[in-house]
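In what follows, a single structure is set out as structure tokens and then discussed.
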Amino acid sequence: MEVRILESYKTQGTCSKNIDFEVVDGKVKNVKFLGGCDGNLQGIGKLVEGMPVSLVIEKLKGLKCGAKNTSCPDQLARALEKYNKD
């Protein structure tokens, strides 16, 4: 059973400003970051494509960028946690 849900998440504390993604049958699809380091963020999107939401959260939550308390991957984990709660 395919359930496609499009989400948009406004990031905080990172160069990227927004993350759009879909969840299909509990798996992450079509991750797109607005702003930030384009090549790196495209790479993250490709790496998490098709992974279960819970595994992406487990792998990316808590990653930091330099002296910041968060990072674009961490923000994706937070977006997916918010998706899980909603």
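The values are calculated or read from the model by the stated rules, or taken from the named source; none is laboratory data. Here the structure is a predicted model, which is why all the values come from computation and not from measurement. Here the Cβ positions follow ideal geometry from the backbone for every residue, glycine too, while neighbour counts run over all protein chains shown. Heavy atoms of the whole protein, side chains included, go into the accessibility calculation; ligands, DNA and RNA do not. Shrake-Rupley method; radii C 1.70, N 1.55, O 1.52, S 1.80 Å.
Some notes on this structure:
- Residues considered: L60, L76, L34. Largest GNM mean-square fluctuation over the chain, using C-alpha springs under 10 Å, is found at L34.
- Gain upon complete extension [M51, C15; 0.36 nm per residue less C-alpha separation]: 10.5 nm
- Ligands, DNA and RNA excluded, the heavy atoms of F33 present near 30 Å² of accessible surface to a 1.4 Å solvent probe.
- Note on segment 3-86: dipole from Cβ charges, positive end direction compared against V3, G66, L55; the farthest Cα belongs to G66.
- Solvent-accessible area, 1.4 Å probe, carbon plus sulfur percent, for the chain: 53
- Selected from E49, E58, E22 as most flexible by GNM, with the chain as the system and alpha-carbon contacts under 10 Å: E58
- Per residue, the convex hull volume that the Cα atoms of the chain enclose (Å³): 82
- Unit charges on C-beta of K, R, D, E only; dipole of the chain, Debye: 300
- Were the residues from A67 through D25 laid out at 0.36 nm apart, the gain over their Cα-Cα distance would be 11.5 nm.
- Based on protein heavy atoms only, the chain ends up with 62 Å² per residue of surface accessible to a 1.4 Å probe.
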